[in-house]
Structures are given as structure tokens and as C-alpha cells.
Amino acid sequence: MVQETYLNKKARESEIPESFVYGGIPEEKPDEKKIQENKFSELDRYINLYKKEPGQLIIILQKAQDIFGHLPEEVQAYIAEKTGTPVSEVNGVVTFYSLFSTEPRGKYTLDICMGTACYIKGAQELMDTLKDNLQVDAGETTRNRLFTVKSTRCIGACGLAPILVVNGEVHGNASSGEGMKIIQKYRKGEDSESKKH
Amino acid sequence: MKVKNTEDLREIKDEFFPLIKQRMGYSNGLGITQVLVCSGTACSSAESQDFRLELERELDRRNLRDNVRVFKTGCFGFCQHGPIIMVHPGEVFYSKVRPEDVKEFVETHLISGRVVERLLYQNNGQKANNIEDINFFKAQKRIVLRNCGVIDPEEIGEYIARDGYFALADIILNKKPAEIIDRINKSGLRGRGGAGFPTGLKWELAAGQNVSPKYVLCNGDEGDPGAFMDRSILEGDPHSILEAMTVAGYCIGAAQGYIYVRAEYPIAVERLETAIDQAREYGLLGKNLFGTSFDFDIGLRLGAGAFVCGEETALLHSVMGQRGEPRPRPPYPAQEGLWGKPTLISNVETYANIPVILREGWEWYKGHGTSSSKGSKVFSLAGKINNTGLIEVPMGTSLRTIVFDIGGGIPGGKKFKAVQTGGPSGGCIPEKYLELPIDYESLKEIGSMMGSGGMIVMDEENCMVDIARFYVEFTQDESCGRCTPCRVGTKRLLEILKRITEGKGEMEDLELLEKLAFDIRDASLCGLGQTAPNPVISTMRYFKEEYIAHIRDKTCPAGVCKALLDFTIDEAKCAACGLCAKVCAAGAITGAGGQPYRIDPDKCLKCAACVAKCPKKAITKGVRKEAVNIAETGIHTGTGSQEERAAL
């Protein structure tokens, strides 16, 4: 139910600008434009900081992903231009490393550790349960943009296997039942937040 | 302050030594109590930091700040029972502490002076007051991890109080590079990243290159699933790596070092950043170290999630900000590395050995280990084992000691099946080799490898074919795609294995698997491809009967491979409560009150929800099929018992 009300709300929100655009000039909300500008100027700071040393492309991309949430083509092109790297090379690096995403992610990224220790203690079951429950495949984001389900490489907390990491927060002993409880917690938090507004 | 010589170091040591002295079990004359809170990844994930903050608040509330000091410390290794705290004096070891326990801990231990019995670790029913009473620690020899759990990794003074940086000062002020390389050579230290190349030789090779600049690189891209040795060292004792790299820089003539560490290890990254800043502040990194003309600085490079970057040539590309693809060797990195210049690459644990060797002497170091492998090795124990955690044992310790004495055996009274060492590049070691003293050579001989030191224990409920499939899936996914044997070969390998686990395999597949595995091993460009088939080769060598069970009998003896499972209700046990039918999403279970329920195998999705729900444990999965021989095809299906099969 929680999911549905959230969806409806989102759908209503996204309807307004669409009809608006249809009738006239595609106009962005001014504050959104400003936010975007701020993001690029923040990125500029990092580029200038790291540009001095050779071989800092990966860390610039990491910072860019922290700022934008993912690495769309325009950001890749921007970094390529600013650092004097061919855009093909930037894209090559982005697509090589699993940490980088060219697709936007949900508000919460659910990383399921697929290290051996977690695997033999039931990480696959956890993954299957989450996928079933959220109706997504690994690497995809739920339609309400709340959760992205991903597998991650061993994070080295094998004593607590299986592991579920939600936005960097590590949850240990996350059996499939426990995993659902954790998700429910985040959903609830989200629900009460949207009620406040 | 900038440290200029040994006297300056001694001054810092004197300031911090009383704290360390008390932690070593001596009286320090300060009259304080120290609480060390493990702040490694595992304990932090189990809320050790919440405990620490709550403890600090409680101490403030009760005005105990002058008598009690709280420190963060590195991994004790006993991760299964975390969060861990250690209280000095008395070396009282508490496990599984929760933030809610703070009040009781403060009142009972700190105020009334009594041990909180409830929080002590139980050693076979016996409460262990002291760390020495715990079996887990008894058979260990902590050389590399000597500072983990003893010092605060975020305080350089404590590292110096443990005689840190003294060796560096002595070397830069008084010694020649060749002399040091000779010592490393004599110590017999070999690379801890897996291949076991003699470290001294590598240093010699890099030092002999007449090119400048040169670089020192630390490989902290610990990609093997289930391995967390490097992470714990970086988190618990970062300065030992900085010191070792600086010594290496002095010996080979490099002025710049890089530490490549996985972005998945945020705590390690943070500690390293702190450590580098502190070392710079004290003049132990930077220009003109100890007032000489020797400069050395260290930068951090973060990995972005690619397993192949642990391979040294791929690592070089990644450090330079490119795609982490390997290249053929030679030229070796020691000849042509970063930006085409000679580069010394070693693993984190290898570097962590250096300061000890220099301080205690190579003769002492050589006294540990076997004839070909010297010193100790850190292993991360994980999987189906009671004491998951980080251990350090002398080379040559037997697997039995590690699994059963230190690891405490298999949980739930299950039977031991295999130990997997070396991650996706290693192999599975069966029970018959439990007595084998492990070193580089012995592991190689039985088809596994030392690898970086991950050790995953498996019990009777793990299917070895599935494990082989799991590892090949991993390497296939991580294959960078540069060379065909690895890119295409692992894909085909995975397809065959998948076929087998789904019950579609044929006996010819075994031959094909073997042939393909050896082809990939011989023809791949880098270590990732060359070792990728190892899990398959080793499981086929020691657990061939499981492969045959999957292929010929279409069954998974361990009850893992879903497609081959068969769920049945034991009619004698069934209480006809109907819970299983209710929970079954597929509607495969039918029955009525008073009658035993039945599962329709055609509808059953094998989700095992009914097994979990059944209060009488009447539902079994797996090997209940009767063995039959289908006459027209000549195929056996079902397992039945051994005798039943023999009768066919």
C-alpha cells in the first residue's frame, strides 16, 4: 500500500510539468537549474583540485557520481572537456568499473554482498527475495525510484554474513526475512516523510 | 613537530608508552582504566561505534573522564563475536556488547570493580575472563597483526610508542639501501598477494634499474571474496604500511608512493588519509626526511570495483586512471611500471612484514615458518565455521589446527566438507588434507594456492558443483575481456556448469570441462584467466562423485541445486495441520484434515517455504527420489541409496 500511494503522488507530480511543456516552451524550474549549476561548479572544484596530478580520472568520476548520483553522458562529456581527455576514454573508464553507473539510482541502493562467505550463508536467497518483493532485477531500480537492487563484491565483513548494505550502512546477518524487515524500515521512514510534506 | 632523529622519536614514545605498557599487562603508574573498542569494519557494522559514543556520554554523566579513557582500536580478529571491547588493566575481554549494556558495564566494572560475567566470551561453556583463555587466540602467532587491537590506529604517537618509525630513522640516517635489501632477501619473505615471489629479489630488480623517477606501489585491491586481511591491516595499523613503503622508496630510489585501496573499504580509506596527514605533519613523509636529501610522499588511489585490478599490470593502468586491463609480462612492473617507469608493487601484508623484519632482525623472522615459506600468514576465516574472523599463524600450521582449534569447528554439528583457499583463483581442499602443513608449495601441490589468504569453510550442505559454478560466474563477470581464452572460455565453462546444476548435463560434459579448463589455464593472458579454472579443476579432482550425481543421477547430494531438488512430505510425521498448503505460493500442496498432505512435483517451485513452515519437520528436500533405469534411453534417474544404484 505504501508503495502505491507513493507512486500516485509521484505520478501527479510528474504530470504537471509534462502538460506544461506540451503547451509551450520547455522551461525548467529556476531552482532546479540553479541546483544543476551548483553541481557543476562543485564538480569544477574537484576537477581543478585533482587535475594537477596525472591519472586522477577515476577519483574525479567518483566525486562526480557522488554529486550527480550517476554519470549521465553530459557529465562524462563535461569531465572529458575539462580534463582534456578524449570522451571515448572517459566513457571507457566509466563502463569498465562496476562502481560507476550511467543510469540514475533509487534513493536507497541495496547492495547485497555476493562474496563467497555471504553466498554460502544464503545471499542468493536474500537476493531472490528482494528481487521478488520489489519486482526488479539485479541492477534495476523500482518504479518509484526508491530502491535499487544490486549485488556487490565482498565488503569483508564476513563474520556477519550475509550482508545487506543500504546506502553505505551495513546490516549484518541479513537472512531473507531479516532483509525484508530492513527494507520495510526504510519504506516506513519514507512514508512518514512524505506525510510530513 | 618535525621529527629529525631517533631522539625526537624517543620523546614521542615516552609520552605514549605508559598507555601501551598497561595494555601489554604491566602497571603504568597512571592509575587509569583504558577501554579499547574494536573499530574494524565488522565490529563497526555491529554498532561498536554506538557503544563507544554511549560509553563516552555515560562517563561524562558520571564524571569518570579522568579515570577512564576510551580508545578506538583495530581488529581483534574475533569478528563473529563482535563488537569486542577490551578493558585494561586486567585484559578483560568482553564480546557481543550492545549500546544497551553501557550502563551495566560502567556500574559493575568501572565503579564496583567487578567483571560483567554476562558479557564474557563463553569458551565451551567456560567463561573466559582473559584473552589468553580463549582457544581462538591460543594457537595464533601475531607478527603482522601485532598492533591490531593494541594501538589506536588514528594516533601516530601510539605507533611510535610501539617502536614504529625507529627502523626507518635508523635506515635513512645510517644505512645503505643494498644493506637493507640484503636483509629482506635473507629473511626469506615472499609476496603475500598469492604468487609468493621473493620480496627481496623484487626490490633488487627495482633498485637495479637505472631510470628515474621510480615508484612504490601498495596493492590493497583485495578482491577475493571472503578475504579481509589487507583491510584489517590498513584499518588497524596503517602506519606500518607507510613506514614499509618509505623504506622501500629509500632502498629502490623512489620519491613517490601510491596506495591503491578498494573504495568498498571506507574505514580503511579514512584511516589511511588520517595516517598520511599525521605522518606528513611529523615530517615522516614529505621533503627532506630526517634532515637528509631523501624525499618520499604517498598518495591514495581508490579502486572502482574491478577484480582484475588486483593483477599487477591491470593495477598499474588503474592507478593511472585508465581501464584496468592487464598487459603481457615482461616487461615486469619493476622494469616498466607507472608511466613507463620502474615500479615496485607489493601487497599490503607483504609491506606489513617489513618493519618487523627490520626491527627484530631477519634471523628472528626466519625462525618462523617452513623451509620454503618463512614467517607467518594472516588468514580470514569465513563460511561455515564457528569463529569467523581474522587469524595469524606461522607458515606450516595444519588446516586442522586452523579450522578446528582456532576456528572452533563447524556450527550445528554438521560435517566438514572442504576448505576453499585462494579465492576464485584457488581450489577446494577436501578432508583428507586437513593434516597438511600449509605453505606456498604444499597448497600448490594439492591444486589450490595460498592466494591472499581467504579461507572459506564448507560443510555437507554446500554443493561443490554449485561452488565451482559460483566462482566461475564471478571470474566470468570480472573477466576484463581483453583475451579470448578468458573472455569466451570462462563463459563456456559457466554454461556447462550451469547445465550440470540444472540437471541437463551429460557425461561427456565432464571431459569437455576438463579440457576447456586446462586450455583456459594455459592460454590466458593474466593471472585472472590462468587461475580461473582452478575451482573447477580442484572440485573435479576431489568431488567428482558430486558431478556424477548431478549428471547421471540428476540429483544434488547436498540439497542446493534447486532444479534437482525433490520435496516430499514424510507421511508418518505429517500432522495434517495444513500450514504448508497455506504457505505454498504455487498451490502445489494438497490435502485435507486428518490426511497426510502431498506435494505435486510438477507444480512445485522448490522455494522451500513449506520446509521452513512445517512444525513437524516432515518435509524433506533432496535425495528422496527412487532410483530407476529408463530402459529405452539407458539413463539412470533419481538417486536412491548406494545399493539401489548398484543393483541397476
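The one condition from (1) within 12 Å of chain B (Cβ to nearest Cβ); (2) surrounded by fewer than 20 Cβ atoms within 10 Å (Cβ to Cβ); (3) modelled with pLDDT of 85 or more that residue A:168 does not meet is (3). Screening the candidates B:450, B:455 for the property of being within 11 Å of another protein chain (Cβ to nearest Cβ) and farther than 21 Å from residue B:544 by Cβ yields one hit, B:455.
Just wondering, is there one or more residues in the range B:77-86 that are more than 23 Å from the chain's Cα centre (by Cα), among the β-branched types (Val, Ile, Thr) and under 28 Å from residue B:274 (Cβ atoms)? Within the range B:77-86, none of the residues are more than 23 Å from the chain's Cα centre (by Cα), among the β-branched types (Val, Ile, Thr) and under 28 Å from residue B:274 (Cβ atoms). Among the residues here, residue B:214 qualifies as buried (at least 20 other Cβ atoms within 10 Å of the Cβ), modelled with pLDDT of 95 or more, among the basic types (Lys, Arg) and more than 30 Å from residue B:384 (Cβ to Cβ). Determine, yes or no, whether residue B:447 is assigned to a loop (DSSP other than H, G, I, E, B), over 30 Å from residue B:83 (Cα atoms) and touching an Asp or Glu at 6+ places or on another chain (Cβ under 9 Å). So residue B:447 does not fit the description; no.
Condition check for residue A:134 on (1) facing chain B (nearest Cβ under 9 Å); (2) more than 20 Å from residue B:232 (Cβ to Cβ); (3) of a type in the set (A, V, I, L, M, F, W, C): one failure, at (1).
Residue B:381 fulfils the conditions (1) touching a residue at least 40 places away in the same chain (Cβ under 8 Å); (2) more than 14 Å from every other protein chain (Cβ to nearest Cβ); (3) not in a helix (DSSP H, G or I) except for a single criterion, (2).
Every residue in the range B:32-46 that is touching a Leu at 6+ places or on another chain (Cβ under 8 Å) and at the interface with chain A (Cβ under 9 Å from one of its Cβ atoms), please. Within the range B:32-46, B:42, B:45, B:46 qualify. Residue count for the range A:100-113 satisfying the condition of being within 11 Å of chain B (Cβ to nearest Cβ) and either surrounded by fewer than 24 Cβ atoms within 10 Å (Cβ to Cβ) or touching a Lys or Arg at 6+ places or on another chain (Cβ under 7 Å) (or both): 3.
Mind listing whichever residues of the range B:337-357 are outside any helix (DSSP H, G or I) and surrounded by 24 or more Cβ atoms within 10 Å (Cβ to Cβ)? The answer is B:337, B:342, B:343, B:344, B:345, B:346, B:347.
Residues that are modelled with pLDDT of 80 or more and basic (Lys, Arg) number at least 1 in none of the strands (runs of 3 or more DSSP E) confined to the range B:563-644. Every listed requirement among (1) part of a loop (DSSP other than H, G, I, E, B); (2) within 21 Å of the chain's Cα centre (by Cα); (3) without any contact (Cβ under 8 Å) to a residue 24 or more places away in the chain is met by residue B:305 save one, (3).
Condition check ((1) buried (at least 19 other Cβ atoms within 10 Å of the Cβ); (2) under 18 Å from residue B:44 (Cα atoms); (3) out of contact with any Pro (no Cβ under 7 Å at 6 or more places or on another chain); (4) polar (S, T, N, Q)) across all residues:
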| position | (1), (2), (3), (4) |
| --- | --- |
| B:68 | yes, no, yes, no |
| B:85 | yes, yes, yes, no |
| B:89 | no, no, yes, no |
| B:99 | no, yes, yes, no |
| B:105 | yes, no, yes, no |
| B:139 | no, no, yes, no |
| B:152 | yes, yes, yes, no |
| B:166 | no, no, yes, no |
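Residues in the range B:406-431 that are part of a helix (DSSP H, G or I) and crowded, with 20+ Cβ neighbours inside 10 Å: how many? Looking only at that region, the number is 4.
Scanning the range B:253-291 for residues that are among the hydroxyl-bearing types (Ser, Thr, Tyr) and under 16 Å from residue B:218 (Cα atoms) turns up B:258, B:260, B:265. Screening B:262, B:271, B:280 for residues that are more than 12 Å from every other protein chain (Cβ to nearest Cβ) and in contact with an Asp or Glu (Cβ under 7 Å, 6 or more places away or on another chain) leaves exactly one candidate, B:271. Residue check: residue B:225 meets all listed conditions (1) buried (at least 24 other Cβ atoms within 10 Å of the Cβ); (2) part of a loop (DSSP other than H, G, I, E, B); (3) at pLDDT 95 or above but one, namely (3).
In the set (1) in a helix (DSSP H, G or I); (2) crowded, with 17+ Cβ neighbours inside 10 Å, residue B:557 fails one condition alone, (1). If you check residue B:217 against the conditions, is it touching a helix residue (DSSP H, G or I) at 6+ places or on another chain (Cβ under 7 Å), within 14 Å of chain A (Cβ to nearest Cβ) and under 28 Å from residue B:423 (Cβ atoms)? When the stated conditions are applied, residue B:217 passes them.
Filter the range A:75-99 for residues that are among the polar types (S, T, N, Q) and surrounded by 16 or more Cβ atoms within 10 Å (Cβ to Cβ); which is nearest to the other protein chains (Cβ to nearest Cβ)? Steps first, answer last, please.
The first filter runs over the range A:75-99 and keeps only residues among the polar types (S, T, N, Q), leaving A:76, A:83, A:85, A:88, A:91, A:95, A:98.
So of that shortlist, the ones also surrounded by 16 or more Cβ atoms within 10 Å (Cβ to Cβ) come out as A:76, A:83, A:85, A:91, A:98.
Numbers: A:76: 14, A:83: 9, A:85: 8, A:91: 10, A:98: 4 Å.
If we take residues in the range A:75-99 being among the polar types (S, T, N, Q) and surrounded by 16 or more Cβ atoms within 10 Å (Cβ to Cβ), then A:98 is nearest to the other protein chains (Cβ to nearest Cβ).
Evaluate the range A:81-91: report whether one residue or more is within 19 Å of residue B:302 (Cα to Cα) and among the β-branched types (Val, Ile, Thr). Within the range A:81-91 (the criterion being within 19 Å of residue B:302 (Cα to Cα) and among the β-branched types (Val, Ile, Thr)), the answer is yes, since at least one residue qualifies. Taking every residue in the range B:171-188 that is in contact (Cβ under 8 Å) with a residue 12 or more places away in the chain and pairing it with any residue that is of a type in the set (D, E, K, R), at least 6 positions away or on another chain, the pairs with Cβ-Cβ distances below 7 Å are B:181/B:204; B:187/B:366; B:187/B:374; B:188/B:366; B:188/B:374. Conditions: (1) within 14 Å of chain A (Cβ to nearest Cβ); (2) surrounded by fewer than 17 Cβ atoms within 10 Å (Cβ to Cβ). Residue B:360 meets all but one. Number of the miss? The failed condition is (1). If you go through the range B:449-479, how many residues are within 27 Å of residue B:190 (Cβ to Cβ) and surrounded by fewer than 24 Cβ atoms within 10 Å (Cβ to Cβ)? Number satisfying all stated conditions: 2. Scanning the range B:310-359 for residues that are among the small types (Gly, Ala, Ser) and in contact (Cβ under 8 Å) with a residue 12 or more places away in the chain gives B:310, B:314, B:318, B:324, B:334, B:337, B:346, B:352.
Considering (1) out of contact with any Phe, Trp or Tyr (no Cβ under 8 Å at 6 or more places or on another chain); (2) at pLDDT below 90; (3) under 23 Å from residue B:315 (Cα atoms), the lone condition that residue A:56 does not fulfil carries the number (1). Scanning the range B:368-405 for residues that are over 17 Å from residue B:350 (Cβ atoms), within 16 Å of the chain's Cα centre (by Cα) and among the basic types (Lys, Arg) yields a single hit, B:384. Among residues of the range B:271-301 being over 34 Å from the mean Cα position of the chain (by Cα) and free of Cβ contacts under 8 Å to residues at least 40 places away in the same chain, the one that is surrounded by the fewest Cβ atoms within 10 Å (Cβ to Cβ) is B:293.
The values are calculated or read from the model by the stated rules, or taken from the named source; none is laboratory data. Computed from a predicted model, the values in this text were never measured in an experiment. With ideal geometry, Cβ positions are generated from the backbone for all residues, glycine too; neighbour counts draw on all protein chains shown.
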